[in-house]
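The structure under discussion appears below in the form of structure tokens.
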Amino acid sequence: MQNQLVQQAEKYVVDLLKKGLTADYRYHDLPHTLSVRDTSLELGKRYRLEAGELELLELAALFHDTGFTKSYNGHEDVSKEIAAGFLNNENYPPEKTAQIQSLIEITKVGVEPQTLLEKILKDSDFNTNESGYEEKSAALRKEWEVCCGVKMNDEEWLQNNISFWEGHRFYTGEAQAMFGEAKRKTFKKLRKQGEKNKIEAGEVQFAISESKSAQMIFKTTLRNQIDLTNIADNKANIMLSINSLLITIGIPMLATNIEKNPNLVYPAAVLLLTCILSIVFATLATRPVKMEGTTEFSAIAEGNTNLFFFGNFFKMQRDDYIRGLMKVMQNENILDKSIVNDLYFLGRTLGNKYRRLRITYQIFMFGMVLTVATFAVTYVVGIGN
């Protein structure tokens, strides 16, 4: 529960920020101040601070951004003056006022906290919540544009955010426990976006052609995928052959006995359905992928295709193909991307092939078990009759 002084301080700060901050202060606004205050108290209680320490922490948190009402740059020094002026009018002990000013000083960028109270306030001022980070980031960006004249494009702002979080650390274990996971996810998302932007801008250089180790890895991987493709096709052909034989030999044999034992129609139907479904999925597993046969030159320049695969050029004119291939050969980065594309799409095709092959084997396995079970039931029923 707040004591009377803290209640008066909160009312003073709320009134000051409401009147002194314009709508341009979208980040360093009243909700931010109250959030820092609440986080400070939460951390302080977790560390079981005494009432007097919590009071110092809360007052420092309330006043730490009041300087924005008079100045943007150097607002911390103005905040210390505003805090001192209010506290002196309330006959607050000078030594405690000095402590509060020291705590406000610690909120400056680049100032390292030393005491536990300083570390708590520092962590509270830079707490992060994953769900609201993008909104906060956009608010700060707009605030800088209006108040400081700092304008950044999307890429510059992204890199600024990445740089900030690379250098950021929590000073207390409790803050790490409260916000560490959100920080990790936010930082991961920012880095992922940064890497995506570099790839789209063509700034990522694979440099496969300059590395013997990379060449060996890619050659081995491509060879392994081709071998796996051959194995999958052989397995599919085995299933096609077995099921074709069952339809050709097994079904006619059962059909000749259906007149004598009409119940045989059930196992015959299960066997026929099993064979047909197995043949369908085995055929899908070996069926060639759809190929356009032509490639746009824009895709070649961006490295989003592979002219070494016949499916991407068999409909192209010879001169167009040679022109496109020369463009690939003259740019090592595009050449390396062609290798990566080949590896990627071959892997996707191989994955679909094995997925369908697995379905084929499952159909055959369960179908044969069901056929035998149906035949056994039919046989028992026939003996009973």
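We did not get these values from a lab; they are worked out from the coordinates using the rules stated. Quick caveat: nothing in here was measured; it's all calculated off a predicted structure. So basically every Cβ, Gly included, is an ideal-geometry build from the backbone, and we count neighbours across all protein chains shown.
Relative contact order (percent) for region 1-138, with alpha-carbon contacts under 8 angstrom and 6 or more residues of separation?
RCO, region 1-138: 24 percent.
What aspartates and glutamates could a cross-link reach from residue 19, if we take a straight Cα to Cα line under 13 Å and drop same-chain neighbours fewer than 8 places away?
Of all the aspartates and glutamates, those that pass the test against residue 19 - Cα under 13 Å, at least 8 places apart if same chain - are 29.
What's the local net charge at residue 240, with K and R +1, D and E -1, over the other residues with C-beta under 15 Å away?
Charge balance in the 15 Å sphere: +3.
What's the angle, to the nearest 10 degrees (0 to 90), between helix 154-167's Cα axis and the longest principal axis of the chain?
Its long axis makes an angle of about 70 degrees.
Which cross-chain or sequence-distant (5 or more) residues have an amide H under 5 Å from the amide H of residue 294, H modelled 1.01 Å from N in plane?
Placed amide hydrogens put 315 under 5 Å from residue 294.
Pull up the cross-link candidates among the aspartates and glutamates for residue 188, meaning alpha carbon to alpha carbon under 13 Å and not fewer than 8 places away within one chain.
Hits, sequence-local ones excluded: 130, 166.
What does the charge dipole of the chain about its Cα centre add up to, to the nearest 20 debye, if the Cβ of each Lys and Arg holds +1 and the Cβ of each Asp and Glu holds -1?
2200 debye
What number comes out for the charge environment of residue 326, summing +1 per Lys or Arg and -1 per Asp or Glu over other residues with Cβ under 14 Å away?
0
Any idea which of 93, 293, 270 is furthest toward the positive side of the dipole for the chain, if Lys and Arg beta-carbons carry +1 and Asp and Glu beta-carbons -1?
Looking along the dipole axis, the top candidate is 270.
Can you give the Rg to Rh ratio of region 5-61, both from alpha-carbon atoms, with Rh computed by the Kirkwood formula? Working shown, then result.
Values: Rg = 12.5 Å, Rh = 12.1 Å.
Radius of gyration over Kirkwood radius for region 5-61 works out to 1.03.
Residue-wise, which Karplus ³J(HN,Hα) couplings in Hz belong to region 311-325, taking 6.51 cos²θ - 1.76 cosθ + 1.60, θ = phi - 60°, and x for glycine or proline?
Taking θ as phi minus 60°, the curve returns x, 9, 9, 5, 9, 7, 5, 4, 5, 5, 5, 5, 4, x, 5 Hz for region 311-325.
For the chain, modelled as a Gaussian network with Cα springs under 10 Å, which listed residue fluctuates most, 195, 112, 95?
Result for the chain, Cα springs under 10 Å: 95 fluctuates most.
Cα axis of helix 51-63 to longest principal axis of the chain: angle in degrees, 0 to 90, nearest 10?
For 51-63 against the chain, the angle is about 80 degrees.
Per the Debye formula with a single identical scatterer at each Cα and no solvent contribution, what log10 I(q)/I(0) holds for region 1-129 at q = 0.14, 0.15, 0.16 Å⁻¹?
Each listed q maps to, in turn, -0.54, -0.63, -0.72.
Dipole of region 4-200 (Lys/Arg Cβ +1, Asp/Glu Cβ -1, origin at the Cα centre): which of 148, 57, 160 lies farthest to the positive side?
160
Hey, what D do you get for region 318-385 in µm²/s if you plug the Kirkwood alpha-carbon radius into Stokes-Einstein at 37 °C and 0.692 mPa s?
Answer, rounded: 196 µm²/s.
Give the value in nm², to one decimal: projected area of the alpha carbon convex hull of region 212-384, averaged over all directions.
Mean projected area for region 212-384: 12.9 nm², to one decimal.
Just from the alpha-carbon atoms, what are the Rg and Dmax of region 52-188 in angstroms?
Rg and Dmax of region 52-188, Cα atoms, are 16.3, 51 Å.
Starting from the Cα of residue 151, draw a straight line to each of the lysines and keep only those under 20 Å, dropping any in the same chain fewer than 8 residues away.
136, 142
So how tilted is helix 133-148 from the main axis of the chain? Cα-based, degrees 0 to 90, rounded to 10.
Once rounded, the angle reads 50 degrees.
Given +1 on the Cβ of Lys and Arg, -1 on the Cβ of Asp and Glu, and no further charges, what dipole in debye does region 4-200 carry about its Cα centre, rounded to the nearest 20?
Around 560 debye, computed over region 4-200.
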